[in-house]
Amino acid sequence: MVKMVERIKDARPMMDLMAKKVFSNPEITAQFIRDILDLPVHHVKILDGTQIHNHQFEDIKTYVTSIDVLAELNDRTQVIIEIQVAYQFDFIKRLWLYLCNQVTKNADEHKKDGVETHKLAEELLPVYTIAITQKRYFKDHKMVHVYCFKEKNTNDELKVYFKGFEEKQALALMAFLELEKYNKDKIQEYNKVRWIEFFGNQPYTQSPEKILEQADRIVSRIDWTKEEREMYDERTRYLQAYSSFLATVEKDKKDARMEGLAEGIEKGIAEGIAEGIKKGKVHGIEHGKKMMIISLVKDGLLSKEEGAKRLSISVIELDEYMGANE
């Protein structure tokens with residue numbers, strides 16, 4: 001296994017504490033949003049996520065969700081920035097829920113100001129989201145996705161007028177940066193991919209601009225206070241312990257799966273043989289065995305190599321047999 005070359009030794013840009021520190025800088029956040037969403041951002045105000053806190057970790061949680069940063073642009077557009085370290089099946093829906101909740105929260109604030117319910121829509125402003133994920137969520141090889149609402153047949157983007165904007169704006173934008181997909185040989189929009197290099201602690205493939213040098217200085221902890229350094233060290237120790245815990249859990253689960261799989265295979269083969277005999281098919285025993293193995297391979301419960309071994313045939317022969325039984 002090739003060890004990743006770190007741009008900055010021992011830096012953890014995806015750590016919640018570290019990412020909060022990075023996005024507490026309005027200039028960095030403005031450039032990040034400008035690059036990813038292609039918006040004409042002049043400056044931003046961080047509404048939430050500016051403070052880093054010393055967490056007390058009493059329980060090991062199933063998922064590690066890093067941060068929730070809310071930034072307001074100069075035109076009052078709001079952008080939610082989320083960082084997701086571990087894969088979570090419903091993360092995209094949760095991101096959409098965050099967006100919807102923020103829209104509702106904004107509407108509630110207008111209600112407090114006495115705006116009548118039927119006029120709330122006039123007061124609402126754009127709310128967009130950007131997710132930086134350690135794992136991949138989409139099957140293609142694109143490192144950056146930006147989704148919006150589009151007409152199904154014409155592909156026209158749904159845009160509307162918002163109060164204070166001269167031109168129509170996108171009703172919704174959801175962007176995703178997937179660090180696991182990083183490929184320095186397939187970069188098309190470097191102004192977007194450079195943030196994958198930054199958060200993935202990868203060497204830059206182009207000379208970094210001043211804004212990235214500024215961000216690197218933050219993750220290098222050069223100007224951190226003693227309190228912030230202590231928080232970082234504590235968080236690092238926790239993450240190391242958490243990683244060890246996950247490795248142990250995965251090993252136990254794998255051992256249990258293999259034990260259950262072996263038992264299931266033998267039982268399935270026996271049932272396949274019995275079914276073949278019951279139906280009186282020619283070579284029923286072998287047919288039932290083959291069909292069970294093929295089913296397990298197709299379902300991903302058994303590797304082709306193991307399946308071929310159990311059938312005493314080559315992987316090529318197994319592929320041919322599977323193709324003939326599609």
Worksheet item: Taking a threshold of 29 Å on the Cα-Cα distance, which of the pairs LYS112/LYS135; LYS20/LYS152; LYS119/LYS142; LYS45/LYS210; LYS186/LYS309 fall above it?
Response: LYS112/LYS135; LYS20/LYS152; LYS119/LYS142; LYS186/LYS309
Practice prompt. Compare ARG221, ARG34 by solvent-accessible area with a 1.4 Å probe and give them largest first, with all protein chains kept in place.
Written response: ARG34, ARG221
Discussion item. Just to be sure I understand the model, the point goes 7 Å from the Cα along the line to the Cβ. What's the resulting GLU213 to GLU259 distance in nm?
Written reply: 5.8
Item to complete: Evaluate the charge dipole of region 105-170 about its Cα centre and quote only its size in Debye, nearest 20, assuming +1 on the Cβ of each Lys and Arg and -1 on the Cβ of each Asp and Glu.
Response: 520
Practice prompt. Whole number in Å², please: accessible area per residue of region 144-248, 1.4 Å probe, ligands, DNA and RNA not counted.
Written response: 61
Fill in: Euclidean distance between Cα centres, region 69-146 to region 169-227, Å
21
Discussion item. What does the extension gain come out to for TYR204 and HIS141, with contour length at 0.36 nm per residue minus their alpha carbon separation?
Written reply: 20.7 nm
Discussion item. How large a share of the accessible area of region 176-233, in percent, is made up of carbon and sulfur atoms when the probe is 1.4 Å and the other protein chains stay in place?
Written reply: 41
Worksheet item: Restricting the count to DSSP beta bridges whose residues both fall in region 56-210, what percent are antiparallel, rounded to a multiple of 5?
Response: 55
Fill in: Electrostatic dipole magnitude of region 156-238 [Cβ: Lys, Arg +1; Asp, Glu -1; Cα centre; debye, to 20]
40
Worksheet item: Where in region 181-205 does the amide nitrogen come within less than 12 Å of the point 7 Å from the Cα of VAL5, taken along Cα to Cβ?
Response: 202-205
Item to complete: Provide the FRET efficiency to the nearest 0.05 for the VAL115-GLU167 pair, computing r from the beta carbons and using R0 = 22 Å.
Response: 0.40
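The values are calculated or read from the model by the stated rules, or taken from the named source; none is laboratory data. Note that the structure is predicted; figures quoted are calculated from it, not measured. Cβ sites come from the backbone with ideal geometry, for glycine too, and all protein chains shown count toward neighbours. With ligands, DNA and RNA removed, areas are computed over all heavy atoms of the protein, side chains included. Shrake-Rupley method; radii C 1.70, N 1.55, O 1.52, S 1.80 Å.
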